[in-house]
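First comes the structure, then the notes that go with it.
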Amino acid sequence: MLKKNVTIGLTSGLEVRPVAMLVQIASQYDSRIYVESGNARVNAKSIMGMMTLGMGAGETLVVSAEGDDEEAAMDEIEKYLVGTK
């Protein structure tokens, strides 16, 4: 299992379109992927769950991935969230 703190670099934060894109990226992987903010922990493959976080640019969240492709999943999600993809 991998776990990493990631600071959101997307200028719009996690609004509807960025969340939809994040869910698409996470859904490409077989690993179980979760995003945590404060006391909330949601499945990164669930658009409804991700929308409840309402994270803005510059805020930090915890991403965890567990499974056969966890490293690739973590790399892609981190690249997207920091705004380098």
Of the residues in the range 1-11, how many are hydrophobic (A, V, I, L, M, F, W, C) and not in a strand (DSSP E or B)?
-> 3
Might you check whether a residue that is on the phi > 0 side of the Ramachandran plot, touching a residue at least 40 places away in the same chain (Cβ under 8 Å) and out of contact with any helix residue (DSSP H, G or I) (no Cβ under 6 Å at 6 or more places or on another chain) occurs anywhere in the range 12-24?
-> yes
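Per-residue answers, yes or no, for (1) modelled with pLDDT of 95 or more; (2) in a strand (DSSP E or B):
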position: Gly13; (1), (2): no, no
position: Ile25; (1), (2): yes, no
position: Ile33; (1), (2): yes, yes
position: Ala57; (1), (2): no, no
position: Ala65; (1), (2): yes, yes
position: Ala72; (1), (2): yes, no
Residue list for the range 29-67, restricted to those being surrounded by 14 or more Cβ atoms within 10 Å (Cβ to Cβ), of a type in the set (S, T, N, Q) and either touching a Ser or Thr at 6+ places or on another chain (Cβ under 7 Å) or in contact (Cβ under 8 Å) with a residue 60 or more places away in the chain (or both) | Ser64
Across the range 68-78, which residue is surrounded by the fewest Cβ atoms within 10 Å (Cβ to Cβ) among those that are among the aliphatic types (A, V, I, L, M) and in contact with a strand residue (DSSP E or B) (Cβ under 8 Å, 6 or more places away or on another chain)?
-> Met74
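The values are calculated or read from the model by the stated rules, or taken from the named source; none is laboratory data. Remember, it's a predicted structure, so these values are computed and weren't measured experimentally. Don't worry about glycine lacking a Cβ; one is built from the backbone with ideal geometry, like all the others, and counts go over all protein chains shown.
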